[in-house]
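Just below is one structure, and these are the notes that go with it.
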2 protein chains.
Amino acid sequence: MDDEYYMRQALMQAQQAFTEEEVPVGAVIVINNKIISRGYNQVEKLNDPTAHAEIIALTSAFNFLGSKYLPEATIYITVEPCLMCAGALYWSKIGKILYGASDEKNGYLHITGNTSPFHPKTELVKGILQTECSELMKSFFRMRR
Amino acid sequence: MDDEYYMRQALMQAQQAFTEEEVPVGAVIVINNKIISRGYNQVEKLNDPTAHAEIIALTSAFNFLGSKYLPEATIYITVEPCLMCAGALYWSKIGKILYGASDEKNGYLHITGNTSPFHPKTELVKGILQTECSELMKSFFRMRR
């Protein structure tokens, strides 16, 4: 399977968030071509502003693998992670991070600037299915206005 | 009660982490002079590198108050928060953050530099019981070497 396939799986998670009236961000974590965990934003449902897609997917992966580090894993996230999620990804030592759309307001980059918040061995790829990931966010916020 | 009183309560949480062979960081959250939640680092016990004192105390506070924002609350943390915890504190819109010891290796400041990661209305105070908070960390890492 290729990166677009897994990003579409993350988009399905984001679509589920959208359906539940949550900011539509989704994530999946993959090891050896197998999805081991999924997550979507559940801030409103759980009444917890830290219940982001990435945190839910990471916690589920730690539990599933019985490991607190994920160097062999790849995470697909529909939107640029926030600072909190960037920090959580750092702690996980995840092997690779791919995200779709940038998030100029809440993404980590507007805070960290040129200093990478990730583990030195973590690979980073941006822009996979960027348009779809971004459009889902835009239509959510249009609807809410 | 004054800030040192609540920081000593956070130190008791950190001491509990130490006893359980976890990196000794503790936190308490206070509203109207009442402690509404406590947390200590449980990364090893929960096998989850995101199970930091602050995250545990925040999640507990959201549950207790039934609110996802904490503008009236103050958090006392024994050690400078990491990037993930700084991001979680941002999302919580917590009123005030006080921490004891700096953490040059894992604290948020070495990544964010001059850009504050916190909510613009969040007040920040550093250095409460700095020596005690720092000594607990140092003795933990001495012991582990």
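The values are calculated or read from the model by the stated rules, or taken from the named source; none is laboratory data. Because the structure is a prediction, the values reported are computed rather than measured. In this analysis, Cβ positions are derived from the backbone assuming ideal geometry, glycine residues included, and neighbour counts consider all displayed protein chains. Accessible surface areas use protein heavy atoms only, side chains included; no ligands, DNA or RNA. Shrake-Rupley method; radii C 1.70, N 1.55, O 1.52, S 1.80 Å.
For the protein assembly as shown, rounded, prolate or oblate, judged on the Cα gyration tensor with a ≥ b ≥ c (square roots of eigenvalues), a/c < 1.5 rounded, else prolate if a/b > b/c?
Taking the square roots of the gyration eigenvalues as a ≥ b ≥ c, the protein assembly as shown is prolate.
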Three-way shape label, chain B, alpha-carbon gyration tensor, a/c 1.5: rounded
Listed by chain and number, the residues whose amide H is under 5 Å from that of A:Gly26, excluding neighbours fewer than 5 places away on the same chain and using placed H, are A:Ala14, A:Thr78, A:Val79
Lys pairs under 14 Å by Cα in the range B:3-139, provided they are eight or more residues apart or on distinct chains: 5
Share antiparallel - DSSP beta bridges, chain A, percent rounded to 5: 55
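Using helices alone, what [θ] at 222 nm do you get for chain B, with -39,500 (n - 2.57) per DSSP H run of 4 or more residues, divided over all residues and rounded to the nearest 500?
Details: 6 runs with 63 residues, N = 145.
Here the helix-only value at 222 nm equals -13000 deg cm²/dmol.
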At A:Arg8 and B:Val125, where each label point lies 7 Å from the Cα along Cα→Cβ, what is the point-to-point distance in nanometres? 5.6
Peptide B:110-119 - average C-beta neighbours from other chains (10 Å radius): 4
Would you mind checking which residues have amide H under 5 Å from B:Ser37's amide H? H placed 1.01 Å from N; only 5 or more apart, or other chain. B:Ile29
Leaving out ligands, DNA and RNA, calculate the buried accessible area for the pair B and A with a 1.4 Å probe, summed over both sides, in Å² to the nearest 100. 2300
Just to confirm the numbers: A:Pro120, label point 7 angstrom along the Cα-Cβ line, distances to the other copies in nm, shortest first? 3.8
